[in-house]
Amino acid sequence: MAVIPVAIAGAPYDVRIEAGVLARAGEYCRPFLRKNNVLVITDHNVATKWRQIVSDSFASAGLHSDWLVLPAGESTKSWEHLSRVIDWLLEQEIERKDKIIALGGGVIGDLTGFAASIVKRGCGFIQIPTTLLAQVDSSVGGKTAINTSAGKNLVGAFHQPALVLADPLALDTLPLREVRAGYAEVVKYGLIDDPAFFEWCELNGLDLLAGDQTAREYAIAHSVSAKARIVAADEKETAGVRALLNLGHTFGHALEAETGFSDRLLHGEGVALGMVLAARFSARQGLMAGQDAERIATHIGTVGLPASLAGLALDCDGRRLADHMLHDKKMDAGTLPFLLMRGIGKTFLASDVDLNDVSAFLDEELART
Ligand code: NAD
Ligand code: GLY
């Protein structure tokens, strides 16, 4: 069990990581609630596995819960479902000081958090993340968003939760492919600035994926501590610190765009391959040792995540992938800040990357078998 403070100025909160916390959610949420009823937003898959346990825990704490169960999947982060959520919250007579519960993965957390940030000009919410990705990344730090026809996460707000409850046991019902995708974000913290944690991943990653609870709890707590430190230093990503969390995302985003943001490549899988490409590109630019880049690729491949472009069977060239990067929301006055590495745990923000070099590099990677 670990309780990790997130010291955001003006909006501090705790992340409680505890096996079995879903069954005690009512007890931990109770001090944050002013009424005896609570509004819970979740998706169909999570409701099937966890609704009874969570609603029983609310009942044990003397709370009646009303539930909105949305379809599972990325397409739920839409105007249509945002509008549905807002209408439902207003029908339920939500008040500004209420706290909405987001029970689910990053999709439910991002959508519910955004709805909370705008309904009645902003009310509170509690994150109960049920995927590894949401437990180690999206539930912490207050980024909320929906997607539009122009791209992913283009409409949103910074809105911090009042509490985060992460239950490693929730991962027991999560498909292995989704656990792996979340694991990419765990490895990311090692690669950013913590080489000892990357070594821990090399030693324990397979156990974590096989269901080892000690490894899961340690990885979640370590990742949340890293994220808490970073977002407390740069909540709104304006000081060049929080941007480090985007390691692998520029390459990954281009690959997600090329594969149509579909099940062909989950977000975490794109990040995994994106980190390998960022490392290999850094090596190609003479910034980091090639053997370090290959060490990263080996670990990503060993745990079953994509470590090369070959497996994606893309029908495009490097220029096309680089062009996707021009639509990245991190574009800044015509330049794209890139996260590169000087070694494992030595990630830095480079602002002078030439997309022609990236395109040539991607052609080489596409030609590898
Ligand atoms: P997700 O929410 O779609 O969950 C993945 C799948 O797992 C879904 O089918 C879901 O129904 C199912 N699921 C969730 N918990 C389960 C459980 N315990 N048992 C069985 N099934 C379960 O996806 P995700 O990977 O959690 O999140 C991806 C989203 O997060 C993307 O929209 C991405 O943009 C966003 N994101 C946000 C941030 C942020 O800082 N806000 C960071 C990273 C990613
Ligand atoms: N997931 C990136 C961030 O929270 O900034």
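Might you tell me the accessible area per residue for the chain, computed with a 1.4 Å probe and given in Å²?
Values: 14690 Å² over 369 residues.
That works out to 40 Å² per residue.
Please figure out what share of the DSSP beta bridges in segment 1-141 is antiparallel and state it in percent, rounded to the nearest 5.
In segment 1-141, approximately 25 percent of DSSP beta bridges are antiparallel ones.
With everything on Cα atoms, drop me the angle between helix 44-60 and the longest principal axis of the chain, reported from 0 to 90° to the nearest 10.
40
State the three equivalent ellipsoid semi-axes of segment 27-95, derived from the C-alpha gyration tensor as the square roots of 5 times its eigenvalues, in descending order and whole Å. Working shown, then result.
Details: eigenvalues 101, 53, 13 Å².
Rounded to whole Å, the semi-axes are 22, 16, 8.
If you roll a 1.4 angstrom probe over the protein chains with everything in place, what fraction of the accessible area of the chain belongs to carbon and sulfur, to the nearest %?
Working: 7340 of 14690 Å².
Answer for the chain is 50 percent, counting heavy atoms of protein chains only.
Need one number for segment 209-317: average projected area of the convex hull over its C-alpha atoms, nm².
8.6
Provide the per-residue ³J(HN,Hα) series for segment 157-172, in order, calculated from phi with Karplus coefficients 6.51, -1.76, 1.60 and θ = phi - 60°, each as a whole number of Hz, with x at glycine and proline positions.
8, 8, 8, 7, x, 8, 6, 10, 10, 10, 10, x, 5, 4, 6, 4
Per residue Cα convex hull volume for segment 241-369, in cubic angstrom?
For segment 241-369, the hull spanned by Cα atoms encloses 102 Å³ per residue.
Give the long-range amide H neighbours of SER78: residues separated by 5 or more places, or on another chain, with amide H under 5 Å away, using H modelled in the peptide plane at 1.01 Å from N.
ASN147
Sequence-distant or interchain residues sharing an amide H contact under 5 Å with TYR13, placed H: which?
Those qualifying (amide H under 5 Å, at least 5 residues apart or on another chain) are VAL6, ILE8.
What are the semi-axes of the equivalent ellipsoid for segment 1-66, taken as the square roots of 5 times the Cα gyration tensor eigenvalues, largest first, in whole Å?
22, 15, 12
Return one number: the angle in degrees, 0 to 90 and rounded to the nearest 10, between the long axis of the Cα atoms of helix 176-193 and the longest principal axis of the Cα atoms of the chain.
In the chain, helix 176-193 runs at an angle near 70 degrees to the longest axis.
Could you derive backbone 3J(HN,Hα) for segment 97-113 from the dihedral phi with the Karplus parameters 6.51, -1.76 and 1.60 (θ = phi - 60°), listing whole Hz in sequence and x where the residue is Gly or Pro?
Per-residue couplings from phi come out as 8, 6, 10, 7, 9, 9, 10, x, x, x, 5, 5, x, 5, 5, 5, x Hz.
Going by amide H atoms built from the backbone, whose H comes under 5 Å of the H on LEU163, apart from near neighbours?
GLN127
Please report, for the Cα atoms of the chain, the Rg to one decimal and the Dmax as a whole number; what are they, in angstrom?
Rg then Dmax for the chain, in Å: 20.1, 62.
Helix 355-367 sits at what angle to the longest principal axis of the chain, using alpha carbons and giving 0 to 90 degrees rounded to 10?
Roughly 80 degrees, rounded to the nearest 10.
For segment 1-146, what is the per residue volume of the convex hull drawn over the alpha-carbon atoms, in cubic angstrom?
Spread over its residues, the Cα hull of segment 1-146 gives 103 Å³ apiece.
Expressed in nm², what is the orientationally averaged projection area of the convex hull enclosing the Cα positions of segment 254-303?
3.6
Considering only DSSP beta bridges with both partners in the chain, what is the antiparallel share in %, to the nearest 5?
In the chain, DSSP labels about 40 percent of beta bridges as antiparallel.
What is the local net charge at ARG96, summed over the other residues whose Cβ is closer than 13 Å to its Cβ (Lys, Arg +1; Asp, Glu -1)?
It works out to a net charge of +3.
Could you check the spin-label model distance between SER83 and ASP315? Points 7 Å from the Cα along Cα→Cβ, value in nm.
3.5
The values are calculated or read from the model by the stated rules, or taken from the named source; none is laboratory data. Everything numeric in this text was worked out from a predicted model, so none of it was measured. Every residue, glycine among them, receives a Cβ derived from its backbone with ideal geometry; neighbour counts consider all protein chains shown. We work out accessible area using only protein heavy atoms, side chains counted, and drop any ligands, DNA or RNA first. Shrake-Rupley method; radii C 1.70, N 1.55, O 1.52, S 1.80 Å.
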